[in-house]
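Written out below as structure tokens is the structure these notes cover.
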Amino acid sequence: NQTEWKVEDFGASVTYFPLVGLVIGAFMWALYSIANPYIPVSLLMLILVIFEFLFTGGLHADGFMDTCDGLFSGRDRERKLEIMKDSRVGSNGVVGFVFLTLLKWQLLVNLPTIVVPIVLVSMPILSRYTMVISIQKFPYARPDGIGKFFAANATSVATVLALLPVFFYEWFYAYLFVIALAVNLIINSYVTKHLGGTTGDTYGFVCELSEVFIILGAIIVSV
């Protein structure tokens, strides 16, 4: 029998975002471990960046580009939200995505080898957890939309799931956790100021940017 899904069911899935991140991180770590002896590190890290985008169907990257188009358009709040709903990608979105990809790639290339496995696993977990914080702690900018159902069904169980790796990675994971939270609060405060709240697109925007700062933070304490 076909299962009937409701928007509330999708909203309830927010609890398991960190577990989704764990699955993504496990695949990235496995791919790195298998290919590392045979592929130059620069090429391998680019493959990992592409792999993560493809694994999620480019969902968060799409939100990132839409947010860049609207947030940096220089228009009023209502027009920014309209631009973000447009399915077409503008110049701000393209430029932002190119810079995002280059940054993530080169930061991964410059990660000290000893922390690469930890970062590859932790980064998707924490970036997906930042989406939970975006949903729970910040107002939704539109009266309707799929993000509204996520916001209505957010739960703190996700925090417990996101913190579980601290028992394995201890202070290093706790450090990355704090970075993810700080980046989330800063970016979401900026987004809320200019858009009046968050949207499904800005969830992806924060998710992608948090990964950049997580990798950067790992480099800072590891070099």
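What the table shows:
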{"item": "FRET efficiency, 1/(1 + (r/R0)^6) with R0 30 Å, evaluated for residue 194 and residue 136 via beta carbons", "result": "0.90"}
{"item": "Amide N of segment 206-223 lying under 20 Å from the label point, which is placed 7 angstrom from the Cα of residue 171 along Cα→Cβ", "result": "214-223"}
{"item": "Magnitude of the charge dipole, the chain, Cβ model with Lys/Arg +1 and Asp/Glu -1, debye to 20", "result": "320 debye"}
{"item": "For the chain, built as a Gaussian network whose Cα springs stay under 10 Å, the top-fluctuating residue of 47, 179, 24", "result": "47"}
{"item": "1.4 Å probe accessible area per residue over the chain, in Å²", "result": "50 Å²"}
{"item": "Residue-averaged 222 nm ellipticity for the chain, from DSSP H runs of 4+ at -39500 (n - 2.57), nearest 500", "result": "-25000 deg cm²/dmol"}
{"item": "Under-16-angstrom lysine pairs by C-alpha in the chain, whenever the two are 8 or more apart or on separate chains", "result": "5"}
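The values are calculated or read from the model by the stated rules, or taken from the named source; none is laboratory data. Please read all numbers here as calculations on a predicted model, not as lab measurements. So basically every Cβ, Gly included, is an ideal-geometry build from the backbone, and we count neighbours across all protein chains shown. Just the protein is used for accessible areas: all its heavy atoms, side chains included, with ligands, DNA and RNA removed. Shrake-Rupley method; radii C 1.70, N 1.55, O 1.52, S 1.80 Å.
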